[in-house]
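The values are calculated or read from the model by the stated rules, or taken from the named source; none is laboratory data. Note that the coordinates shown come from a computational prediction; the quantities given were computed from them, not determined experimentally. FYI the Cβ positions are ideal-geometry reconstructions off the backbone, even for glycines, and counts take in every protein chain you see.
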Amino acid sequence: MATPLAQGPDAIVAKLHEAARNVAGAGGLSAATAIGVASPGPLNTRTGMALGVPTLPGFVDYPIGEKLHRIFGRPVALANDGVAAAVGEWRFGAGRGCADFVYVTISTGIGGGVISDGKILSGRNGMAAHLGHMAIARDGQVCNCGRRGCWEAYAAGPAFERRAATALAAHHTAAQVFELARGGQAVAQALVDQEAEFLGLGIVNLLHIFDPERVILGGGMSHQYAQLSHGIDRVIHSCAMPAFRDIPVLRAEHIGNSGLLGAAALATL
Ligand SMILES: [Zn+2]
């Protein structure tokens with residue numbers, strides 16, 4: 001169901017309760033032993049506090065973990081949505097059996113999760129891996145977080161659609177632009193090439209920082225993986241240090257559901 005953004009955090013939590021009560025299969029809510037939540041961050045996953053989530057108005061110092069625990073009366077495992085998706089791919093998808101990988105979700109924003117040395121990289125407050133807010137330009141485009149130059153402000157879906165609206169002098173969805181490029185439209189192809197370059201620039205940073213075995217791309221933009229992968233590989237081969245150039249970039253296996261699978265896995269750990 002759609003998130004009732006305008007009504008604030010308590011209304012959103014009530015909606016979650018309503019949705020859970022309506023779960024029909026496998027005994028429904030009464031059979032659930034734990035609650036797993038994948039939410040946009042920043043969240044302190046150790047204390048259960050949402051700490052000013054840019055995409056969720058009102059989630060400022062909001063004790064989402066405690067509220068959900070009170071409503072459901074069960075243990076609550078709270079995870080950043082990017083981290084949850086990384087865990088979903090780790091357990092059930094393109095990261096199976098892999099001790100070191102970086103998962104990147106590219107949709108309305110860019111998020112992710114890092115599995116390093118066989119463990120989830122959590123950081124001090126469970127807030128590690130806000131990959132989209134890695135700056136790739138000083139004084140660059142304004143990001144959802146209010147800062148400038150973040151990777152997300154260049155490579156996420158809305159940034160791509162904004163560039164497309166200017167270049168094509170009309171609004172198109174990202175999927176439409178990729179379709180135009182497949183049909184041989186030169187301007188659309190240039191937009192796709194540029195998107196691959198922005199993605200590649202960020203990925204090269206991730207290769208150098210985390211030395212992963214693979215990089216896994218999820219989120220809506222990864223549906224276009226077939227048209228982006230060549231351009232991303234080109235950036236890796238021209239910009240990464242030679243020792244990092246053979247790291248493969250793969251598509252997630254459960255696009256759209258990785259976060260749900262990961263939240264469930266984390267709740268039952
Ligand atoms: Zn940002």
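Quick one: in region 201-253, which of the residues that are among the charged types (D, E, K, R) and loosely packed, with under 15 Cβ neighbours inside 10 Å is nearest to Ile115 (Cα to Cα)?
Per the criteria, the residue is Asp211.
Six or more apart or on different chains, Cβ under 7 Å: which pairs go from a residue in region 43-71 that's polar (S, T, N, Q) to one that's assigned to a loop (DSSP other than H, G, I, E, B) and within 16 Å of the ligand (Cβ to nearest atom)? Could you list them?
Asn44/Met127; Thr55/Pro40; Thr55/Gly109; Thr55/Asn144
Of Gly118, Gly149, Gly132, Gly126, which residue is away from the ligand (no atom under 13 Å from the Cβ), buried (at least 17 other Cβ atoms within 10 Å of the Cβ) and either within 27 Å of Leu199 (Cβ to Cβ) or of a type in the set (Lys, Arg) (or both)?
Exactly one of Gly118, Gly149, Gly132, Gly126 is away from the ligand (no atom under 13 Å from the Cβ), buried (at least 17 other Cβ atoms within 10 Å of the Cβ) and either within 27 Å of Leu199 (Cβ to Cβ) or of a type in the set (Lys, Arg) (or both), namely Gly126.
When you look at Leu250, is it more than 14 Å from the chain's Cα centre (by Cα) and either modelled with pLDDT of 95 or more or within 22 Å of Gly157 (Cβ to Cβ) (or both), yes or no?
Yes: the conditions hold for Leu250.
So which of Ala226, Ala175 is at pLDDT 95 or above, out of contact with any helix residue (DSSP H, G or I) (no Cβ under 7 Å at 6 or more places or on another chain) and more than 17 Å from Gly109 (Cα to Cα)?
Ala226
Test of understanding: among Ala94, Ala99, Ala77, which residue is touching an Asp or Glu at 6+ places or on another chain (Cβ under 9 Å), among the aliphatic types (A, V, I, L, M) and over 23 Å from Met221 (Cβ atoms)?
Ala99
Please state which one of Pro54, Pro75, Pro63 is within 17 Å of Thr108 (Cα to Cα) and either of a type in the set (Lys, Arg) or surrounded by fewer than 19 Cβ atoms within 10 Å (Cβ to Cβ) (or both).
When all the criteria are applied, what remains is Pro54.
Starting from residues that are touching a strand residue (DSSP E or B) at 6+ places or on another chain (Cβ under 6 Å) and in a helix (DSSP H, G or I), keep the ones in region 47-80 and report whichever is farthest from Leu121 (Cα to Cα).
Of everything passing the filter in region 47-80, Phe72 is farthest from Leu121 (Cα to Cα).
Condition first: basic (Lys, Arg) and either part of a loop (DSSP other than H, G, I, E, B) or under 18 Å from the mean Cα position of the chain (by Cα) (or both). Now tell me which residues in region 210-247 satisfy that.
Arg214, Arg245
Residue-wise test of (1) farther than 20 Å from Arg214 by Cα; (2) in contact (Cβ under 8 Å) with a residue 24 or more places away in the chain.
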position	(1), (2)
Thr108	yes, yes
Ala129	no, yes
His133	yes, no
Asp139	yes, no
Glu152	yes, yes
